[in-house]
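A.B. asks: Pasting in a structure now, in structure tokens, and then I'll have a few things to ask.
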Amino acid sequence: ATSNGTLYINKALDRGATTVVVEHKVLLEQELLNRCVKEDVCITRVDNARLALAQLSAKAYGNPADKLKIIGITGTKGKTTSVYLLHHVLSKAGKKVAMLTGVENKIGDESFPAQLTTPHPDYIHMFFAQCVAEGVEYVVMEASAQGFSLHRLESIFFAAMVFTNFSLEHSEFYADIEDYFEAKCQIFEHCRENAPRIVNADDTWVKKIMSAYKDLITTGITTSASVKGRLCRADMAGLKMDITYGSHVLSLSSSTVVGSYNAENILGVFACALKLGIDPEVIKEGLESFGAVPGRLERFELPNDVVAVIDYAHNPSSFQALFSMLHSNTKDLSVVFGCGGGRDTSKRPIMGELAARYCNKVYLTTDNPRNEDPECIVQDILLGIPNEQQGAVVIEHDRVKAIARAVQNARPGGIVAILGKGPDEYQLIGSAKTFFSDKQEVGKLILLKTT
């Protein structure tokens, strides 16, 4: 999207490449063509280079996806949490399992860094090949809309899938919300025959799926479903609910996976694990013993009787779900957030309006501004905040200072939500990528207060 791949062909040939794959429309310089002839380099022409990369990668590694049970989880929110939960449940069931997420990739207990929600196909198939070599049975992975649109998931067919929910996101990439929804729905074309397909019947958009596809397993809290949840408690202290499936009822509680929106994730994971043949009591044990997802509602107790919450929430639907839960747990809610540069601008004022509606204090700061002016991003957010509430807004472009000010000004019993970056450990300013961690900054403040 930002650089012409042909600029790197000579460097690839220097490193020993013997085949160059380019699209039919690509023009190559005569000097390069002469070199390819001289060095007996094969030039292969294709209609779509991204599609070819996926197909060639699968072939190069011996089609390892065919030898694994791959579970795909898609949706606008909840993908990462659901992958972590299902990975933990399958591990508790004694299965050899791996996972691919935007936070980290794991084979067994070994963790590898992640760069994308759904990686490029050459990485994916290399990862799958390693899974096969290590005797992995299941791989649980995030399947993003762009993963389908950019052919990263070509040649992969899921043994089971979960569709968590759907809402506005990635309007910088998709023409409209219908286009984005259609990309998400490609997961149904990537399922093996008779693969369990779990969908969230509570979600308005997912209801459209239910009318288009048959033999779905539905989950729901507010609507009737194959797997039905009844919330007994959903706050910062924990989550308790009864799950009804068939003629059975199972009671489940968690002190780490909290909030009603995570109850939906738990239901999807429960239904999926059940259809994979995992014993319900083992699923319950796995869900109740689960720790936490890095950067997803991570809570830190501060010495001034303030709780800091770090979360990856970076779109309106995530803000709505998170703020409504946090607001009911404190009389003093503050938020620190920004919006990414070069990304969907339409969501910025909506996020500003939600922050002002629920929070006593709003600290606007940087979050990967990239090549946009950070002040312009802030001004876009301010468009959604009513004039009478702008007195509660603090603009502090230095994210370190913004976090410190929010914590310092919070009242006892207050909650400071630090949103957008979650587990990410970098800032993208201009073309520079520098280390930055919300968690580290909160840790410094805890040490400062205790010393």
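A.B. asks: Can you pull the one-decimal nm distance between simple spin-label points at Asp66 and Glu39, each 7 Å off the Cα toward Cβ?
C.D. replies: It is 3.3 nm.
A.B. asks: Calculate, for the chain, the solvent-accessible area per residue in square angstrom, rolling a 1.4 angstrom probe over the heavy atoms of the protein chains.
C.D. replies: 45
A.B. asks: While we're looking at this one, here's another question. Mind giving me the FRET efficiency for Phe435 and Ala292? R0 is 30 Å, r the Cβ-Cβ distance, nearest 0.05 is fine.
C.D. replies: Working: r = 22 Å, r/R0 = 0.75.
It comes out at approximately 0.85.
A.B. asks: Quick one: Kirkwood hydrodynamic radius for segment 241-301, alpha-carbon pairs, angstrom, one decimal?
C.D. replies: Hydrodynamic radius (Kirkwood, Cα only) of segment 241-301 equals 12.4 Å.
A.B. asks: Which percent, nearest 5, of DSSP beta bridges in the chain are antiparallel?
C.D. replies: On the way: 30 of 74 bridges.
Rounded to the nearest five, the antiparallel share is 40 percent.
A.B. asks: Could you grab the relative contact order for segment 353-400? Cα pairs under 8 Å, six or more apart, rounded to a whole percent.
C.D. replies: 56
A.B. asks: Kindly write out, for segment 263-276 in residue order, the coupling ³J(HN,Hα) from the Karplus curve 6.51 cos²θ - 1.76 cosθ + 1.60 (θ = phi - 60°), rounded to whole Hz, with x marking Gly and Pro.
C.D. replies: Result, ordered by residue: 4, 5, 4, 4, 4, x, 5, 4, 4, 5, 4, 4, 5, 7 Hz.
A.B. asks: Tell me, what % of the accessible area of the chain is carbon and sulfur with a 1.4 angstrom probe?
C.D. replies: In the chain, the share of accessible area belonging to carbon and sulfur is 50 percent.
A.B. asks: Between Glu134 and Asp373, how many nm apart are label points set 7 Å from Cα along the C-beta direction?
C.D. replies: For the pair Glu134/Asp373, the computed spacing is 4.8 nm.
A.B. asks: Shifting gears a bit: What translational diffusion coefficient, in µm²/s and rounded to a whole number, does the Stokes-Einstein relation yield for segment 335-451 at 37 °C and a viscosity of 0.692 mPa s, taking the hydrodynamic radius as the Kirkwood radius over Cα pairs?
C.D. replies: Details: Rh = 14.5 Å.
D = 226 µm²/s.
A.B. asks: Run through segment 183-213 and list the trypsin sites (Lys or Arg not before Pro) located in a DSSP loop whose Cβ has at most 15 other Cβ atoms within 10 Å.
C.D. replies: Arg192
A.B. asks: Let me ask something else about it. Suppose every K and R has +1 on its Cβ and every D and E has -1 on its Cβ; what is the size of the dipole of the chain about the Cα centre, in Debye to the nearest 20?
C.D. replies: 660
A.B. asks: Sticking with this one: Starting from the Cα coordinates of the chain, work out the convex hull volume and express it per residue in Å³.
C.D. replies: Working: hull volume 73.6 nm³, N = 451.
Value for the chain: 163 Å³ per residue.
A.B. asks: Then there is this: Can you give the translational diffusion coefficient of segment 179-306 in µm²/s, computed by Stokes-Einstein from the Kirkwood radius over Cα pairs at 20 °C and 1.002 mPa s?
C.D. replies: Roughly 134 µm²/s, to the nearest whole number.
A.B. asks: Going through segment 165-250, which GluC sites (Glu not before Pro) have at most 16 other Cβ atoms within 10 Å and a DSSP loop state?
C.D. replies: Glu172, Glu193
A.B. asks: Could you work out the relative contact order of segment 65-137? I mean the mean sequence separation of Cα pairs under 8 Å and 6+ apart, divided by the number of residues, in percent.
C.D. replies: Taking the mean separation of contacting Cα pairs over the length of segment 65-137, I get 31 percent.
A.B. asks: Say R0 is 56 Å: what FRET efficiency, to the nearest 0.05, do Asp215 and Glu31 get from their beta-carbon distance?
C.D. replies: FRET efficiency, Asp215 to Glu31: 0.45.
A.B. asks: If you average the sequence gap of Cα pairs under 8 Å that are 6 or more apart and divide by the length of the chain, what percent do you get for the contact order?
C.D. replies: The normalised contact order for the chain reaches 12 percent.
A.B. asks: Per 0.36 nm of contour for each residue apart, how much would the distance between Val400 and Leu447 grow if the chain were fully extended, relative to their Cα-Cα spacing? Let's see the in-between values first.
C.D. replies: Working: separation 47, 0.36 × 47 = 16.92 nm, distance 1.50 nm.
Contour length minus the Cα-Cα distance gives 15.4 nm.
A.B. asks: Hey, another quick one. In whole Å, what is the distance between the alpha-carbon centres of segment 2-61 and segment 216-257?
C.D. replies: Segment 2-61 and segment 216-257 have Cα centres separated by 52 Å.
A.B. asks: Normalized C-alpha radius of gyration of segment 126-195, against 2.2 N^0.38 Å?
C.D. replies: 1.25
A.B. asks: Next question, about the same structure. Starting from the Cα gyration tensor of segment 251-355, multiply each eigenvalue by 5, take the square root, and state the resulting semi-axes largest first in whole Å.
C.D. replies: That gives 30, 19, 12 Å for the three semi-axes.
The values are calculated or read from the model by the stated rules, or taken from the named source; none is laboratory data. Nothing here was measured: the structure is a model prediction, and the numbers come from that model. No Cβ is skipped: glycine too gets one built from the backbone with ideal geometry, and neighbour counts run over all protein chains shown. Areas reflect the complete protein model, heavy atoms only, side chains present, ligands, DNA and RNA absent. Shrake-Rupley method; radii C 1.70, N 1.55, O 1.52, S 1.80 Å.
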